[in-house]
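The values are calculated or read from the model by the stated rules, or taken from the named source; none is laboratory data. Everything numeric in this text was worked out from a predicted model, so none of it was measured. Neighbour counts run over all protein chains shown; Cβ positions are idealised from the backbone, glycine included. Only protein heavy atoms, including side chains, enter the accessible area calculation; ligands, DNA and RNA are left aside. Shrake-Rupley method; radii C 1.70, N 1.55, O 1.52, S 1.80 Å.
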Amino acid sequence: MIDSLVTYELEGSVALIGLNRADKRNAISDAVITELRSAVLRAHEEADVAVLFGHGNNFCAGLDLAEALQRATGKIPAPRKRRRHTWHEVFDQIARGPIPFVAALSGAVVGGGLELATAAHIRVCDDTAFFGLPEGQRGIFVGGGGTVRIQRVVGTTVMMDMMLTGRLLSPTEGLQEHVVRYVVPAGQALAKAKELAVRIAQNTLETNWKIINVLPRIHDMSHDDGLFVEQLNSAMARPPEVEQRLRDFVDGKAKPLQAPKE
Ligand code: 1HE
């Protein structure tokens, strides 16, 4: 484990990536983003699935507002060159990389914290979690991909309400608005996320890659283009283990599908 602003551990084929700045509610500073980037890229190399969580009682309080103030007052100089927004780059590495991410959420999941959470493919929260977009109250705007990702997850109506009124969503509302898929009792989000990650790791890497990379792109396409890309995708060469898995099913040796659990 690296003892720093972002921790990294490998448990079997699952990487555990933890925001580790509990005293500042895991607010995202430039240094946090740099370390998160390294951890995500390391997980891409070493793991088949990753779990993202926050140390302490909160997932993430969003942008480091103290650092943002320093930037706004010129105490941190503006970069000399324009380049891709670092948050966009890192969150896209999570959302459209080679492996699925499960986010374990508790306490504050606000602003950039919600943007980070929605870069993950499955989100689990415990009943201490609350979701918000307080940018309006801080005089700023979402900047970590929220206009694209959060808007797609909750829809324009809900996002506008959250941003204009600053209203926080409870775990039950989070479930209703598709912010999360699972709600568990306090303190159990990480365990549930790990359980899901282990299950996801049993799929082929190829199918997991397609699920997280093909589905969202087709979602952004027209009906016709989507079907065309799906057809191209079916025609792609399949890795050898596919044949065995298809044979297992045809021979009646495959595990039955799991009944849905609450
Ligand atoms: C912070 C931050 C932060 C806490 N940046 N330092 N995000 C927000 O607008 C949320 C701001 N934070 C809060 O509303 C509250 O802190 C919480 C509801 C998350 C947690 O409350 P609580 O009572 O548990 O903690 P606290 O006492 O408010 O904060 C503890 C410490 O964390 C305190 O520092 P200390 O040195 O006085 O102990 C806080 O200043 C510090 N802290 N949140 C910096 N965000 C790319 S665009 C993205 C735009 C956004 O993300 S906007 C949303 C910003």
- Item | Given charges at beta-carbon only (K, R positive; D, E negative), |dipole| of segment 1-55 in Debye | 280 debye
- Item | Antiparallel bridges, percent of DSSP beta bridges restricted to the chain (to nearest 5) | 25 percent
- Calculate one ³J(HN,Hα) per residue across segment 10-22 by plugging θ = phi - 60° into the Karplus curve 6.51 cos²θ - 1.76 cosθ + 1.60, and present them in order as whole Hz with x for glycine and proline. 10, 10, x, 9, 10, 8, 10, 10, x, 5, 10, 9, 4
- Note on the structure: Given the candidates GLY113, VAL154, ALA50, the one whose Cα lies deepest towards the positive end of the charge dipole of the chain, counting +1 at each Lys or Arg C-beta and -1 at each Asp or Glu C-beta, is GLY113
- Inter-centroid distance (Cα atoms) of segment 101-160 relative to segment 218-251, Å: 31 Å
- Message: Given a 1.4 angstrom probe, I'd like the percentage of the accessible area of segment 1-81 that is carbon and sulfur, rounded to a whole number.
- Response: 50 percent
- Message: Through the Karplus equation 6.51 cos²θ - 1.76 cosθ + 1.60, θ set to phi - 60°, convert the phi angles of segment 56-67 into ³J(HN,Hα) values in whole Hz; use x for Gly and Pro.
- Response: x, 8, 10, 5, 5, 8, x, 3, 5, 6, 5, 5
- Item | Per residue accessible area of the chain, 1.4 Å probe, in Å² | 56 Å²
- Query: Classify segment 67-204: rounded, prolate or oblate, from the alpha-carbon gyration tensor (a ≥ b ≥ c, eigenvalue square roots; a/c under 1.5 rounded; otherwise prolate if a/b is larger than b/c)?
  - Reply: oblate
- Message: I need the phi-derived Karplus couplings for segment 40-47: 6.51 cos²θ - 1.76 cosθ + 1.60, θ = phi - 60°, integer Hz, Gly and Pro marked x.
- Response: 5, 5, 5, 4, 4, 6, 9, 10
- Item | the chain, dipole about Cα centre (Lys/Arg Cβ +1, Asp/Glu Cβ -1), debye to the nearest 20 | 560 debye
- Task: Any of LYS24/LYS261; LYS24/LYS75; LYS75/LYS194; LYS194/LYS255; LYS192/LYS253; LYS210/LYS253 with alpha carbons more than 31 Å apart? Name them for me.
- Result: LYS24/LYS261; LYS75/LYS194
- Query: How big is the C-alpha Rg of segment 61-138 next to the rule-of-thumb value 2.2 N^0.38 Å, as a ratio?
  - Reply: 1.28
- Can you bin the chain into rounded, prolate or oblate? Criterion: square roots of the alpha carbon gyration tensor eigenvalues sorted a ≥ b ≥ c, rounded for a/c under 1.5, prolate for a/b above b/c, oblate for the rest. prolate
